[in-house]
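One structure is given here, and the rest of the page talks about it.
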Amino acid sequence: MVETEVELNRAYRALADTTRRLIIEELAARDRQSVFEICTRLATRHGVTYSRQAFSRHLASLEAAGMLEIEWKGTTKLHSLNRSRLSALAGGWISQFKEQR
């Protein structure tokens, strides 16, 4: 997958925020979560207490960066981690700086 500079910048901006990284960690532990579930898990486990609208903005940023997969179940939007996108980032531009052994 060849990325444009815009796509790469969007991905790294999404990862630059602590709350979005926590969201990624929570979705890595358990996929298919609603905004309400994500809000609850981050408040309980990490003390992060934002409004659902704030979490929705964080999720929108991750979705725009291709890091989330979305599924609708009735009127509930379920979020899952797009592991292949994160794997592509890890194996992409930044991989050239891995320590050689």
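Brief remarks on what is shown
- Filter pass, Glu63 being of a type in the set (Asp, Glu), at pLDDT 95 or above and either open to solvent by less than 30 Å² (accessible area, probe 1.4 Å) or under 9 Å from the mean Cα position of the chain (by Cα) (or both): yes
- Hey, Arg20 out of contact with any Leu (no Cβ under 6 Å at 6 or more places or on another chain) and in a helix (DSSP H, G or I) or not: no
- Within the stretch 8-53, tally of residues that are open to solvent by 70 Å² or more (accessible area, probe 1.4 Å) and charged (D, E, K, R): 8
- Selection from the stretch 23-74 of residues that are part of a loop (DSSP other than H, G, I, E, B) and either touching an Asp or Glu at 6+ places or on another chain (Cβ under 6 Å) or under 24 Å from Ala90 (Cα atoms) (or both): Arg30, Asp31, Arg32, Ala65, Gly66, Met67
- Just one residue in the set Lys77, Lys98 is in contact with a strand residue (DSSP E or B) (Cβ under 7 Å, 6 or more places away or on another chain) and either in contact (Cβ under 8 Å) with a residue 12 or more places away in the chain or open to solvent by 50 Å² or more (accessible area, probe 1.4 Å) (or both); that residue is Lys77.
- Members of the stretch 13-35 that are out of contact with any helix residue (DSSP H, G or I) (no Cβ under 7 Å at 6 or more places or on another chain) and free of Cβ contacts under 8 Å to residues at least 40 places away in the same chain: Ala16, Thr18, Glu25, Ala29, Arg30
- Of the residues in the stretch 84-93, not one is open to solvent by 90 Å² or more (accessible area, probe 1.4 Å) and either free of Cβ contacts under 8 Å to residues at least 40 places away in the same chain or in contact with a strand residue (DSSP E or B) (Cβ under 9 Å, 6 or more places away or on another chain) (or both).
The values are calculated or read from the model by the stated rules, or taken from the named source; none is laboratory data. What you see is a predicted model, and the numbers here were worked out from it, not measured in a lab. No Cβ is skipped: glycine too gets one built from the backbone with ideal geometry, and neighbour counts run over all protein chains shown. Note: areas computed on protein heavy atoms with side chains; ligands, DNA, RNA excluded. Shrake-Rupley method; radii C 1.70, N 1.55, O 1.52, S 1.80 Å.
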